[in-house]
């Protein structure tokens, strides 16, 4: 791991992954600024980007990302693998956080 990758990890991923999350489960902030545990069920193309359709784990309802169109899902940077980072929006606007998390876990940090 490079020094730059270590810096990015310490900045964007201050807390470890929540071990209670299942496959394709994340935390997101909804339009009312509440933190919700969700499951990614859809991959939705939007312009030149990819967004993800998410559904609340407890109710099964689709959570709106609050963008201009109701069919646009959440961008990768809006998905978090722990509540603390979601609350703090620690990797806001950085889509490469999952690759950093994999590298972090592989290196055992």
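Some notes on this structure:
- Here 27, 52 are screened, and the one residue that is crowded, with 16+ Cβ neighbours inside 10 Å, in a strand (DSSP E or B), in contact with a helix residue (DSSP H, G or I) (Cβ under 8 Å, 6 or more places away or on another chain) and at pLDDT below 95 is 52.
- Test for residue 21: is it surrounded by 15 or more Cβ atoms within 10 Å (Cβ to Cβ), modelled with pLDDT of 95 or more and over 20 Å from residue 93 (Cβ atoms): yes
- Pick from the stretch 55-77, criterion touching a helix residue (DSSP H, G or I) at 6+ places or on another chain (Cβ under 9 Å) and not in a loop (DSSP other than H, G, I, E, B), ranking: farthest from residue 10 (Cα to Cα): 76
- Failed condition for residue 36, given (1) in contact with a strand residue (DSSP E or B) (Cβ under 9 Å, 6 or more places away or on another chain); (2) within 22 Å of residue 106 (Cα to Cα); (3) at pLDDT 95 or above: (2)
- Evaluation of residue 93 against (1) within 23 Å of residue 2 (Cα to Cα); (2) surrounded by 11 or more Cβ atoms within 10 Å (Cβ to Cβ) (one fails), failing number: (2)
- All of (1) closer than 19 Å to residue 75 by Cβ; (2) assigned to a loop (DSSP other than H, G, I, E, B); (3) touching a residue at least 24 places away in the same chain (Cβ under 8 Å) hold for residue 17 with one exception: (1).
The values are calculated or read from the model by the stated rules, or taken from the named source; none is laboratory data. This is a predicted model, so every value here is computed, not measured. When we count neighbours, we look across all protein chains shown, and the Cβ atoms used for this are built from the backbone with ideal geometry, even at glycine.
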